[in-house]
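Input: a single structure, listed below in structure tokens.
Nothing in this text is a laboratory measurement; each read-out follows from the coordinates by a stated rule. It should be emphasised that the depicted structure is a prediction, and the values quoted were computed from it without experimental measurement. Glycine also receives a Cβ, built like all others from the backbone with ideal geometry; neighbour counts cover every protein chain displayed.
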Amino acid sequence: MKVAYHGHSVVTVDTRDHQLIFDPFITGNSLTDLKPEDVKADVILLTHGHNDHVGDTIEIAKRNNSLVVAPNELAVYLGWKGLNVHPMHIGGSHQFDFGKVKLTQAFHGSAYTEEDSQKIVYTGMPAGILLTVEGRTIFHAGDTGLFSDMKLIGELNHIDLAFLPIGDNFTMGPEDAKLAAEWLRAKQVVPVHYSTFPVIEQDPHAFADSLPGGVGKVLEVGESIEFK
Ligand code: NI
Ligand code: MN
């Protein structure tokens, strides 16, 4: 399995049989190496409804006939746009053919902004996503502030790889993300959601260096981690 970072919160997971993408914000993402028209995805996993996470979901899902897995209200909204959706909610898990997904809580907002009509559509609660595939568990925290139940998530799951936001302003900053990494007990932690916009400018290497030896791993855009 190959897990790659593509800027902001975009993560792809290529398994033996499936191509998955988390939060495919590509158009307007100043950092990404992806082009929406080139993305192949059997499955799109969404943490919440903000535009910098839903991103190019509609275009990618229509072209690939992807399954979109999202918190319920966001899934309903995207279902009305004609997508093939699987709604879930916090605390719930489901075994799919590509792997197991469980949603965790995240302390944040969740709404889709329709720019043209200046309308905000609330899309329920935001989530984090635990994905277990080929014997490994990946945690994509979504957008969140620090919360102490991360200790519980760490106790109940053996997380091989965690993607944690460090951008500050909208999510945890590096100091809180350091505590999150400790509480989640992830074997590897990759910082995300930084330096896409001036207000979330951060030094990912300083964050990775602040974690105990070998835990912090900065993935450059397009770089991946391989699990055998
Ligand atoms: Ni957000
Ligand atoms: Mn965000």
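Here are a few things to note about the model shown:
- Residues of the stretch 76-94 with amide N under 11 Å of a point placed 7 Å along Cα→Cβ from K62: 81-83
- Dividing the mean sequence gap of close Cα pairs (under 8 Å, 6+ apart) by how many residues the stretch 82-191 holds gives a relative contact order of 20 percent.
- Helix-only CD estimate at 222 nm, as mean residue ellipticity for the chain, using -39500 (n - 2.57) per DSSP H run (n ≥ 4): -5500 deg cm²/dmol
- Between I138, I166, I153, the residue with the greatest mean-square fluctuation in the GNM of the chain (Cα pairs under 10 Å linked by springs) is I153.
- Net charge of neighbours whose Cβ lies under 10 Å from the Cβ of V218, counting Lys and Arg as +1 and Asp and Glu as -1: -3
- Cα centroid separation - the stretch 59-96 against the stretch 1-40, whole Å: 17 Å
- For L164, the residues 5 or more places off, or on other chains, whose built amide H falls under 5 Å of its own are V190, V192.
- Listed peptides 54-62, 207-215 by packing density, highest first (mean Cβ within 10 Å): 54-62, 207-215
- Note on K119: lysines with a C-alpha under 18 Å away, same-chain residues under 8 apart excluded, are K81.
- Karplus (6.51, -1.76, 1.60) ³J(HN,Hα), θ = phi - 60°, over the stretch 61-75, in Hz, Gly and Pro reported as x: 5, 5, 6, 9, 6, 6, 8, 9, 9, 8, x, 2, 5, 5, 5
- Across the stretch 14-27, computed HN-Hα scalar couplings (Karplus, 6.51 cos²θ - 1.76 cosθ + 1.60, θ = phi - 60°) run 9, 9, 4, 10, 9, 10, 10, 9, 9, 6, x, 8, 10, 5 Hz from first to last residue, x flagging Gly and Pro.
- Cα-projected label distance for E134 with E115, points at 7 Å along beta-carbon direction, nm: 3.6 nm
- Simple Cβ-charge dipole of the chain, Lys/Arg +1 and Asp/Glu -1, about Cα centre, in debye nearest 20: 680 debye
- Karplus (6.51, -1.76, 1.60) ³J(HN,Hα), θ = phi - 60°, over the stretch 187-196, in Hz, Gly and Pro reported as x: 5, 9, 10, 10, x, 9, 6, 9, 6, 6
- Proximal lysines to K178, defined as alpha-carbon separation beneath 28 angstrom and excluding residues fewer than eight positions away on the same chain: K2, K100, K102, K151, K187, K217, K228
- Interchain or long-range residues, amide H under 5 Å from G7's placed H: G222
- Rounded to the nearest 20 debye, the dipole size of the stretch 22-114 about its Cα centre is 260 debye, using +1 on the Cβ of Lys and Arg and -1 on the Cβ of Asp and Glu.
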